[in-house]
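K.L.:
This is the structure I want to talk about, given as structure tokens.
The values are calculated or read from the model by the stated rules, or taken from the named source; none is laboratory data. Every value quoted in this text rests on a predicted model; they were computed, and no experiment measured them. No Cβ is skipped: glycine too gets one built from the backbone with ideal geometry, and neighbour counts run over all protein chains shown.
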Amino acid sequence: MTTNIEQNINYFTLQELSLEAAKLWEQLEDAPLEESSVEQIISKLFELQTATERKIDAIAYVADQLKLDIEVWQSRLQAITELHTVVITRKQKQLESLKSYLLHLNEQGVLNERNPGVEKEILFQNNPPKVVLKVNPEAPEFPEEFREVRIEYRALTKQILEAYKQGQDVTEIADIEVGKHVRFKTISSKSKRLKG
């Protein structure tokens, strides 16, 4: 690795910087007690620490830019979706209105069940039958032969998690998984002052 790590920060990954730091710590432990060699290693360690901090800042900056890009593209998508939804809704209403008008003409006897054109045909057909209940299925007078009773079991995962947090053993019924996520946080000026 080059002696001026800071100038070449873009060429090194965090992993490479961490491995280099580990090597330098090993060198420091094995270094003879000569002041010049110890000072040189410590100087490289400080340089490496600065480069690592800048690399972390660069990665966090890229993450911030990506988040911003995602927000911009999501808002664009939302605007396009809203625009298209308005047009689709309007077209659907127009189609339904046209169909309603034609059904009205059929009911009035103006249009037959089959109305051929040159290339197309307008047909009026019955929809599949559907049931419109007059009595609530829970009412006692509703016949048992037409009623289905459903019992549904669901796991109360929030309560299981709460029991786990309170120290209860839930391993017989569930595994509790704890993942990790990455956060990018801006260091406050107070933290910077304490660090420096």
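K.L.:
Name the pairs: first residue in region 81-106 and under 20 Å from residue 126 (Cβ atoms), second residue surrounded by 10 or more Cβ atoms within 10 Å (Cβ to Cβ), Cβ to Cβ under 8 Å, at least 6 apart or on different chains?
P.N.:
Close Cβ pairs (under 8 Å, with a partner that is surrounded by 10 or more Cβ atoms within 10 Å (Cβ to Cβ)) amount to 102/111; 102/122; 102/124; 103/124; 105/111; 106/112; 106/113; 106/124.
K.L.:
So in region 175-196, with the set limited to residues that are within 29 Å of the chain's Cα centre (by Cα) and surrounded by 10 or more Cβ atoms within 10 Å (Cβ to Cβ), which one is modelled with the highest pLDDT? First the steps, then the outcome.
P.N.:
Start the filter on region 175-196 by keeping residues that are within 29 Å of the chain's Cα centre (by Cα), which leaves 175-188.
Pick out the ones that are also surrounded by 10 or more Cβ atoms within 10 Å (Cβ to Cβ) and you get 176, 184, 187.
On the way: 176: 92, 184: 75, 187: 83.
So the residue we want is 176.
K.L.:
Right, next: Looking at region 24-48, which of its residues are surrounded by 14 or more Cβ atoms within 10 Å (Cβ to Cβ) and in a helix (DSSP H, G or I)? Lay out the reasoning, then the answer.
P.N.:
From region 24-48, those surrounded by 14 or more Cβ atoms within 10 Å (Cβ to Cβ) are 24, 27-28, 31, 38, 40-41, 44-45, 47-48; that's our starting set.
Once the filter is applied, which keeps residues that are surrounded by 14 or more Cβ atoms within 10 Å (Cβ to Cβ) and in a helix (DSSP H, G or I), region 24-48 yields 24, 27, 28, 38, 40, 41, 44, 45, 47, 48.
K.L.:
Kindly provide the set of residues from region 102-119 that are surrounded by fewer than 10 Cβ atoms within 10 Å (Cβ to Cβ) and either not hydrophobic (A, V, I, L, M, F, W, C) or not in a loop (DSSP other than H, G, I, E, B) (or both), ordered by number. Explain how you work it out, then say what you get.
P.N.:
Here is the first cut: in region 102-119, the residues surrounded by fewer than 10 Cβ atoms within 10 Å (Cβ to Cβ) are 108-109, 117-119.
Listed by number, the residues that qualify are 108, 109, 117, 119.
K.L.:
Could you list, in sequence order, the residues of region 1-23 that are at pLDDT below 70, part of a helix (DSSP H, G or I) and more than 23 Å from residue 184 (Cβ to Cβ)?
P.N.:
7, 8
K.L.:
Among the residues of region 150-174, what is the count of those that are farther than 30 Å from residue 138 by Cα, of a type in the set (A, V, I, L, M, F, W, C) and either under 25 Å from the mean Cα position of the chain (by Cα) or in a loop (DSSP other than H, G, I, E, B) (or both)?
P.N.:
Total satisfying the criteria: 5.
K.L.:
With respect to the numbered conditions (1) surrounded by 11 or more Cβ atoms within 10 Å (Cβ to Cβ); (2) of a type in the set (Asp, Glu); (3) not in a helix (DSSP H, G or I), which one is the sole condition not fulfilled by residue 141?
P.N.:
For residue 141, the exception is condition (1).
K.L.:
Report every pair of residues separated by at least 6 positions or lying on different chains whose Cβ atoms are under 7 Å apart, first residue within region 120-133 and free of Cβ contacts under 8 Å to residues at least 60 places away in the same chain and closer than 15 Å to residue 99 by Cα, second part of a strand (DSSP E or B) and charged (D, E, K, R).
P.N.:
Between residues of region 120-133 that are free of Cβ contacts under 8 Å to residues at least 60 places away in the same chain and closer than 15 Å to residue 99 by Cα and residues that are part of a strand (DSSP E or B) and charged (D, E, K, R), the close pairs are 121/114; 123/114.
K.L.:
Scan region 169-180 and report the pairs whose first residue is farther than 16 Å from residue 159 by Cβ and whose second residue is surrounded by 10 or more Cβ atoms within 10 Å (Cβ to Cβ), with Cβ atoms within less than 9 Å and a gap of 6+ or a chain change.
P.N.:
none
K.L.:
Sticking with this one: Identify all residues within region 68-87 that are farther than 30 Å from residue 184 by Cβ and either small (Gly, Ala, Ser) or over 27 Å from the mean Cα position of the chain (by Cα) (or both); write none if there are none.
P.N.:
Quick first cut of region 68-87, residues farther than 30 Å from residue 184 by Cβ only: 82-87.
The one that is farther than 30 Å from residue 184 by Cβ and either small (Gly, Ala, Ser) or over 27 Å from the mean Cα position of the chain (by Cα) (or both): 87.
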